[in-house]
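The values are calculated or read from the model by the stated rules, or taken from the named source; none is laboratory data. Only a predicted model underlies this, so the values are computations on that prediction, with no experimental measurement involved. Heads up, the Cβs are rebuilt from the backbone with ideal geometry, glycines too, and the neighbour counts pull from every protein chain shown.
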Amino acid sequence: MEIFEYDLTRHGAENFSTMVYFCSDQGECGLGQVPLRESNALVELLNQRGKDGWELIQLIFGKEGVMACWKRRVVGTVIEAE
């Protein structure tokens, strides 16, 4: 069995303001309203963490920004299942 470690990172609304607030007052939501710079910032974040071996589990969007949940295998630690 593999062993994993986990991490949470927070990214403020100043970088992802539209991605966080992309729904209208009527509740209509669409990706077309998300600026390319914010999409690119998210891709950069994913690629940067991925190079360090982290796999994205989930993104959580809120009014203060985005929280990312990550996991990666702990190198050299494999436990035999009973």
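General remarks:
- Hey, Leu8 surrounded by fewer than 13 Cβ atoms within 10 Å (Cβ to Cβ) and either more than 15 Å from the chain's Cα centre (by Cα) or modelled with pLDDT of 95 or more (or both) or not: yes
- Test for Val43: is it modelled with pLDDT under 80 and hydrophobic (A, V, I, L, M, F, W, C): no
- Filter result (assigned to a strand (DSSP E or B), under 17 Å from Glu38 (Cα atoms) and in contact (Cβ under 8 Å) with a residue 12 or more places away in the chain) within region 60-74: Phe61, Gly62, Gly65, Val66, Met67, Ala68
- Residue in region 12-25 that is assigned to a strand (DSSP E or B), surrounded by 11 or more Cβ atoms within 10 Å (Cβ to Cβ) and at pLDDT 80 or above present: yes
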